[in-house]
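Engineer: Submitted below is the structure of interest, expressed as structure tokens.
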Amino acid sequence: MNLHPRLPRRHLITAVLGLSAALFGPAVHAQATPAAPVQAVASFSVLADMVRQVGGERVAVQALIGPGADAHVFQPAPSHARMVGQAHIVFANGLGFEGWLQRLLETAGYKGKPVLLSQGIEPLRAARRERGHDHDHGHAHGDADPHAWQSVPNAIAYVANIAKGLCAVDAAGCPVYRQNAATYTAELRALDAEIRAAWAGVPAAQRKIITSHAAYGYYAQAYGVQFLAAQGVSTDSEPSARGVAQLVRQIRKENIQALFVENIANPRLVEQIGRETGIRPAGQLLSDSLTPPNGRAPSYVAMMRANTQAMIGAIQGR
Ligand code: ZN
């Protein structure tokens, strides 16, 4: 195994113990599954799930930002630096989504480069949400919309980048990663076809959704759905009263019925829009975070499926 040279000593000992257990039969400390040889850190829960799919039992994955937490306003704590300090590989989205990452890597003394999963995809420009304003507010993400995982074809590109990254730190596991990536990619292709088939039954003119923050630009592009968001691509700024008033007018004029809150964003604004338009929010979409394991969307595949069903259900009045 060609592990990263930064392999912590503690980890070598674990590997040796694991080997002796394998050679000499069940030992006192034998575990149900052998300790994973690769320690990986992913910036947020969606990426962590994808890394688990590709890494399988060879990779132990921790997410810096767990289920239900908001990456846009994340502030790393010392515990996160410790996590990164013990990692062989760090996966991040890129496109400015993790503005705090470089500093965290430095604090943690992490010498490698993070694997940016959005590498190779075609970035979309961030939607300008502050209606009535046309200047840039200087957010760290610049002009790119970071939410690229919201299109399944992009997720397939993420998976290829994950396999490449894992092969670079664990050459012995590479055939396993390639096989897992191929299996997962087949599942994602089927998911993509399923989402397209679901939307095929909805007339294009009705495919309009209102959400909290502009997280669905890539979904919109991939599946031909129009999103109107109360907030911008980040959750860290408040829209202007004028922006909200314009959105309310547009909802009335176009008779849009599908209004959603999100699992990470403050629901207050969407609830206000609901009061002003008389539309009851249809539920919650998942944007930048999965649910905990016992929730309705603990995986990327489940998230995309749950969002699609919720959106179409709201449009069709179910
Ligand atoms: Zn977001």
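Engineer: Could you grab me the full set of residues in the stretch 75-96 that are part of a loop (DSSP other than H, G, I, E, B), within 18 Å of Leu116 (Cβ to Cβ) and modelled with pLDDT of 95 or more?
Structural biologist: Correct list: Pro76, Ala87, His88, Asn93, Gly94, Leu95.
Engineer: Among the residues of the stretch 70-88, what is the count of those that are within 14 Å of the ligand (Cβ to nearest atom) and in contact with a strand residue (DSSP E or B) (Cβ under 6 Å, 6 or more places away or on another chain)?
Structural biologist: Applying the first criterion (within 14 Å of the ligand (Cβ to nearest atom)) to the stretch 70-88 yields 70-74.
From what's left, in contact with a strand residue (DSSP E or B) (Cβ under 6 Å, 6 or more places away or on another chain): 71, 74.
Going through the stretch 70-88 one residue at a time, the tally reaches 2.
Engineer: Filter the stretch 89-109 down to residues that are buried (at least 20 other Cβ atoms within 10 Å of the Cβ) and within 16 Å of the ligand (Cβ to nearest atom), then give me how many there are.
Structural biologist: We begin by selecting, within the stretch 89-109, every residue buried (at least 20 other Cβ atoms within 10 Å of the Cβ); these are 89-98, 101, 104-105, 108.
Filter once more, keeping what is within 16 Å of the ligand (Cβ to nearest atom): 92-98, 101.
Total meeting the criteria: 8.
Engineer: Shifting gears a bit: Restricting the search to the stretch 198-220, which residues are within 16 Å of the ligand (Cβ to nearest atom) and in a helix (DSSP H, G or I)?
Structural biologist: Across the stretch 198-220, the qualifying residues are Gly217, Tyr218, Tyr219, Ala220.
Engineer: Yes or no: Pro67 modelled with pLDDT of 95 or more, outside any helix (DSSP H, G or I) and open to solvent by 40 Å² or more (accessible area, probe 1.4 Å)? Break it down into steps so the answer makes sense when it comes.
Structural biologist: On the way: modelled with pLDDT of 95 or more: no; outside any helix (DSSP H, G or I): yes; open to solvent by 40 Å² or more (accessible area, probe 1.4 Å): yes.
Answer is no for this residue.
Engineer: Right, here's the next one. From Glu262, Glu276, grab the single residue that is among the charged types (D, E, K, R) and crowded, with 16+ Cβ neighbours inside 10 Å. I'd like the intermediate steps shown before the answer.
Structural biologist: On the way: Glu276 fails: crowded, with 16+ Cβ neighbours inside 10 Å.
Checking each option against the conditions leaves just Glu262.
Engineer: Any idea how many residues of the stretch 239-266 are within 15 Å of the ligand (Cβ to nearest atom), under 23 Å from Met304 (Cβ atoms) and modelled with pLDDT of 75 or more?
Structural biologist: Filtering the stretch 239-266 for residues within 15 Å of the ligand (Cβ to nearest atom) gives 239, 260-266.
Now narrow it down to the ones that are under 23 Å from Met304 (Cβ atoms): 260-265.
If we keep only those that are modelled with pLDDT of 75 or more as well, we get 260-264.
Of the residues in that region, 5 qualify.
Engineer: State whether the residues of the stretch 171-180 include one that is within 19 Å of the chain's Cα centre (by Cα) and either in a helix (DSSP H, G or I) or surrounded by 15 or more Cβ atoms within 10 Å (Cβ to Cβ) (or both). Talk me through it step by step, then tell me what you get.
Structural biologist: At the first step, the residues of the stretch 171-180 found to be within 19 Å of the chain's Cα centre (by Cα) are none.
Checked against the condition, which is being within 19 Å of the chain's Cα centre (by Cα) and either in a helix (DSSP H, G or I) or surrounded by 15 or more Cβ atoms within 10 Å (Cβ to Cβ) (or both), the stretch 171-180 yields no hits at all.
Engineer: Quick one: is Gly232 assigned to a loop (DSSP other than H, G, I, E, B) and at pLDDT below 95?
Structural biologist: Numbers: assigned to a loop (DSSP other than H, G, I, E, B): yes; at pLDDT below 95: yes.
Yes, satisfied.
Engineer: Provide a single number: the residues in the stretch 188-205 that are buried (at least 16 other Cβ atoms within 10 Å of the Cβ) and not aliphatic (A, V, I, L, M).
Structural biologist: Going through the stretch 188-205 one residue at a time, the tally reaches 2.
Engineer: Same structure again: Only one of Asp288, Asp236 is within 15 Å of the ligand (Cβ to nearest atom), touching a residue at least 24 places away in the same chain (Cβ under 8 Å) and open to solvent by less than 50 Å² (accessible area, probe 1.4 Å); which? Spell out how you get there, then give the answer.
Structural biologist: On the way: Asp236 fails: open to solvent by less than 50 Å² (accessible area, probe 1.4 Å).
The match here is Asp288.
Engineer: Let me ask something additional. Quick test for you: out of Ala220, Ala282, Ala258, pick the one residue that is aliphatic (A, V, I, L, M) and more than 16 Å from Gly313 (Cβ to Cβ). Working first, answer last.
Structural biologist: On the way: Ala282 fails: more than 16 Å from Gly313 (Cβ to Cβ); Ala258 fails: more than 16 Å from Gly313 (Cβ to Cβ).
The conditions single out Ala220.
Engineer: Would you please name the residue that is surrounded by the most Cβ atoms within 10 Å (Cβ to Cβ), looking only at residues in the stretch 291-318 that are in a loop (DSSP other than H, G, I, E, B) and more than 19 Å from the chain's Cα centre (by Cα)? Walk me through how you get there before you give the answer.
Structural biologist: In the first step, residues of the stretch 291-318 are kept if they are in a loop (DSSP other than H, G, I, E, B); the result is 291-299, 316-318.
After this cut, where a residue has to be more than 19 Å from the chain's Cα centre (by Cα) as well, the list is 316-318.
On the way: Gln316: 12, Gly317: 8, Arg318: 9.
Top of the filtered list is Gln316.
The values are calculated or read from the model by the stated rules, or taken from the named source; none is laboratory data. Because the structure is a prediction, the values reported are computed rather than measured. With ideal geometry, Cβ positions are generated from the backbone for all residues, glycine too; neighbour counts draw on all protein chains shown. What goes into the accessible areas is simple: the full protein's heavy atoms, side chains included, and nothing from ligands, DNA or RNA. Shrake-Rupley method; radii C 1.70, N 1.55, O 1.52, S 1.80 Å.
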